[in-house]
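This report concerns only the one structure given below.
No lab work stands behind these numbers, since they all come straight from the coordinates. On a predicted model such as this, the values are computed, not experimentally measured, just so you know. Reconstructed Cβ throughout: ideal geometry from the backbone, glycine too, with neighbour counts over all protein chains shown.
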Amino acid sequence: MIKFGSIVLGVSLLGLVIVKGIFGQTPIITPSPAPQLVGQVEQELVTYGGDSIYVPQEPSDYISKVTFFDNQHWAIVKVTSNKPLVQSGWLVFEKKNDVFQSVLGPGTSFSQDDTLVLPVEVNAALTELGVLYNE
Amino acid sequence: MNSSQKRLVFILMVFASLLLAAYSVSIILAYGKTEKVTLNSFSDSLVVTASGKNMHAEYLGTGSFSVRLQPGEYQFVAGADGNRYEKVVVVKKRKPVIVSITKSMLKVVTSPSAIKITDSERLISMGMTETQLSDLRRKIFTYDRSIKGIDIDVTTVKYGYRNRNSSDPFAISFQAKTDEKNRSYTVVWYDLKTVQVKIADPKTNTQLYDSGIPVSTLPHDD
């Protein structure tokens with residue numbers, strides 16, 4: 001009985017080694033579902049450099065609040081860190097070919113110079129939020 | 001070892017075998033649902049992340065590497081030392097994807113003020129104001145956000161004409177390398193704050209961009 005069990009276990013182990021050898025060479029990445037724009041915001045917040053690469057995740061690391069403009073073609077995102085004493089940051093995204101791409105930020109304030117290329121309503125919203133400064 | 005102990009060991013062995021088999025099957029299933037994506041980076045320090053539609057962002061790897069992703073549209077962002085590169089990658093089943101990232105694809109930052117204009121003082125000496133120079137950067141940025149800088153060929157800078165008693169605007173034209181591409185620029189202005197920028201390909205003489213007459217300077221009925 002034990003001999004038979006050993007053979008079955010051995011075959012299973014060998015099978016796993018073979019499967020890993022054939023199918024497990026390349027890491028399989030399976031991103032988890034998230035609300036719209038969360039992934040793009042997380043990409044903007046990645047900390048690069050050396051061995052300390054970290055992709056922050058919502059809601060464990062931060063909370064975002066998205067406001068859309070121009071028929072959902074532009075978005076202003078407020079990012080609030082879960083760490084105390086960290087100022088809220090802002091990002092501006094533009095939808096290009098059905099994909100949101102970062103146009104401005106992340107930052108806590110922006111030069112008015114850099115926002116003149118944005119649509120009037122986005123510019124006005126940033127002005128109202130008080131995150132623009134004059135150079 | 002008595003028979004009941006042997007039976008227990010046997011059951012444990014069978015259970016472990018089943019677990020291993022299930023794990024093997026899950027690896028095969030996950031493999032079947034994904035496709036290989038190979039990244040060829042010019043730099044070993046380039047960090048690559050991906051975000052799919054309505055998905056969290058994931059770190060894929062650094063430098064050149066391969067991963068497997070489920071079919072879909074992903075935005076890849078590669079970055080290192082303040083540079084970044086964005087690319088939309090479509091993953092389809094049974095169609096392995098190879099993404100090559102070269103140095104020229106990287107852009108430093110997305111901001112008009114980051115566009116470097118070499119020999120810009122030549123334009124200032126010909127009457128452009130600093131405010132207009134900023135507006136020139138903004139217009140170039142609107143034309144192409146990935147432009148890092150323009151290198152003016154000072155030997156080609158020349159005036160358009162201006163009759164102070166007419167409504168003719170000031171105009172300066174010049175050739176400039178724009179991220180290694182030769183481009184002809186015509187900069188026209190009607191006031192001291194804004195400029196109209198026209199960009200053309202000197203090889204084919206094709207106009208690539210016209211920022212249009214600034215709204216603030218358009219003629220209006222009083």
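For A:D70, what is the net charge nearby, where nearby means another residue's Cβ is under 10 Å from its Cβ and Lys, Arg count +1, Asp, Glu -1? Spelling it out: positives minus negatives among the neighbours equals -1.
Rg/Rh for segment B:3-105 (Cα atoms only, Rh after Kirkwood) is 1.25. Report the calculated FRET efficiency for B:D151 and B:V88 (r = Cβ-Cβ distance, R0 = 35 Å), to the nearest 0.05. Computed FRET efficiency for B:D151 and B:V88 comes out at 0.75. What whole number of Å gives the distance from the Cα centroid of segment B:95-146 to the Cα centroid of segment A:11-49? First find each Cα centre; the distance between them is then 36 Å. Which angle between 0 and 90 degrees, to the nearest 10, do you get for helix A:2-23 versus the longest principal axis of chain A when only C-alpha atoms count? The answer is roughly 40 degrees. Comparing A:V46, A:V122, A:V38 in a Gaussian network model of chain A (Cα springs below 10 Å), the most mobile by mean-square fluctuation is A:V46.
Taking Lys and Arg as +1 and Asp and Glu as -1, the other residues whose beta-carbon sits under 14 Å from that of A:I22 total +3. What the pair-distance distribution of the protein assembly as shown shows, using all Cα-Cα distances binned every 10 Å from zero, is 5, 18, 23, 20, 14, 8, 5, 3, 2, 1, 0, 0 percent. The value given for chain A is a Kirkwood hydrodynamic radius of 18.3 Å, derived from the mean inverse Cα-Cα separation. Each label point was placed 7 Å from the Cα along the Cα-to-Cβ direction; for A:I7 and B:L18 their separation is 2.1 nm. As a proxy for reagent exposure, A:Y54, B:Y85 were ordered by neighbouring Cβ count within 10 angstrom, fewest first; the result is A:Y54, B:Y85. How far is helix B:3-33 tilted off the main Cα axis of chain B, in degrees rounded to 10, range 0 to 90? Between the helix axis and the principal axis of chain B, the angle is about 20 degrees. Which one, B:S51, B:S17, B:S100, has the greatest fluctuation when you compute a Gaussian network model over chain B with C-alpha springs under 10 angstrom? Result: B:S17 has the largest fluctuation of those listed.
Less than 9 Å Cβ to Cβ from B:V97, Lys/Arg counted +1 and Asp/Glu -1: what total charge do the surrounding residues give? Result for the local shell: +2.
The number of Lys pairs in chain A with C-alpha atoms less than 27 Å apart, excluding pairs fewer than 8 positions apart on the same chain, is 7.
Against the main long axis of the alpha-carbon atoms of chain A, helix A:120-129 sits at an angle near 90°.
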